[in-house]
Amino acid sequence: MTNPPGGRSSATPKVEPCDAAASKAPPELGPPSKSDQPRRRKPAHFPAVESDLRSTIIYLTVCTKRRRPLLANDTAADLLIQAWTAANHWLVGRYVILPNHIHLFCAPNTFPPSSLNNWISFWKNHVTRRWPNRGEIPIWQTEYWDTQLRRGESYDEKWNYVENNPVRHGLVTRVEDWSYRGELNVLDWHD
């Protein structure tokens, strides 16, 4: 297989030309559609890119195992906030806790930044060890989705989207009515 001009990104799944579905398709049908192409089974996690003076803020989504609605309650919210406070290698900024997933923004609190993966594992384990209903364990999906913000406007844009999630999901009619959102630390953007 030849790479496109400019090479292939390490995040792009490699598609072998001898793919069984592609080799059986008659030539008159053309290339396989996007839905026929293999999909990434795990998200790609890239290390935080540091710039001399620019902030490092990561937008993170973590889901419950099998998307079970375990999180949007006072007990779970308290456990998460305690865990994020104890896991101080990264700081949690704004967050929204939904029934089956969490959106949050975080920034390193050490230099050089410690592993994002280790930090997430720490607070997930912290919550799991204190979880009141042992029959609901395991709580978390193994993987998570992370995106490093590239500019200051992204923080506000993504926060507006995230903050409106409870309304989009039909959980409340107004953002202000959702109890499980907040900001633990102010994550200022600077270039």
Item to complete: For W178, state whether it is in contact (Cβ under 8 Å) with a residue 60 or more places away in the chain, out of contact with any Phe, Trp or Tyr (no Cβ under 7 Å at 6 or more places or on another chain) and surrounded by 13 or more Cβ atoms within 10 Å (Cβ to Cβ).
Response: yes
Discussion item. Based on this model, can you work out whether N160 counts as loosely packed, with under 13 Cβ neighbours inside 10 Å and under 15 Å from the mean Cα position of the chain (by Cα)?
Written reply: no
Worksheet entry | Inter-residue pairs, beta-carbon under 6 Å, first in contact (Cβ under 8 Å) with a residue 60 or more places away in the chain and in the stretch 110-124, second hydrophobic (A, V, I, L, M, F, W, C) and part of a loop (DSSP other than H, G, I, E, B), 6+ apart | P113/A48
Discussion item. Can you find a residue that is charged (D, E, K, R), surrounded by 14 or more Cβ atoms within 10 Å (Cβ to Cβ) and out of contact with any Cys (no Cβ under 6 Å at 6 or more places or on another chain) anywhere in the stretch 69-92?
Written reply: no
Discussion item. Kindly evaluate W140 against the criterion of being over 16 Å from the mean Cα position of the chain (by Cα), surrounded by 16 or more Cβ atoms within 10 Å (Cβ to Cβ), modelled with pLDDT of 95 or more and over 18 Å from I57 (Cβ atoms).
Written reply: no
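Please enumerate the residues belonging to the stretch 105-129 that are touching a helix residue (DSSP H, G or I) at 6+ places or on another chain (Cβ under 7 Å), part of a helix (DSSP H, G or I) and either of a type in the set (A, V, I, L, M) or farther than 16 Å from T64 by Cα (or both).
V127, the sole residue that qualifies.
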Item to complete: Take D188 and decide whether it is surrounded by fewer than 15 Cβ atoms within 10 Å (Cβ to Cβ) and either of a type in the set (A, V, I, L, M) or without any contact (Cβ under 8 Å) to a residue 40 or more places away in the chain (or both).
Response: no
Response to the item:
Residue pairs within 9 Å by beta carbon, gap of at least six or interchain, first lying in the stretch 78-93 and in a helix (DSSP H, G or I), second of a type in the set (K, R) and surrounded by 15 or more Cβ atoms within 10 Å (Cβ to Cβ), listed first then second, are A83/K124
Fill in: Whichever residue in the stretch 112-129 is of a type in the set (A, V, I, L, M) and either within 13 Å of A76 (Cα to Cα) or touching a Pro at 6+ places or on another chain (Cβ under 9 Å) (or both) and, among such residues, is surrounded by the fewest Cβ atoms within 10 Å (Cβ to Cβ)
V127
Discussion item. Just to verify a result, which residue in the stretch 143-164, among those that are among the charged types (D, E, K, R) and either on the phi > 0 side of the Ramachandran plot or part of a loop (DSSP other than H, G, I, E, B) (or both), is modelled with the highest pLDDT?
Written reply: R150
Worksheet item: Does the stretch 130-149 contain any residue that is among the aromatic types (F, W, Y), out of contact with any Leu (no Cβ under 6 Å at 6 or more places or on another chain), farther than 18 Å from K65 by Cβ and touching a residue at least 24 places away in the same chain (Cβ under 8 Å)?
Response: no
Practice prompt. Report yes if some residue within the stretch 165-184 is outside any helix (DSSP H, G or I), of a type outside the set (K, R), at pLDDT 95 or above and closer than 17 Å to I58 by Cβ; otherwise report no.
Written response: yes
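The values are calculated or read from the model by the stated rules, or taken from the named source; none is laboratory data. All figures in this text were calculated on a predicted structure; none of them were measured in a lab. Positions of Cβ are generated from backbone atoms using ideal geometry, with glycine treated the same way; all protein chains shown enter the neighbour counts.
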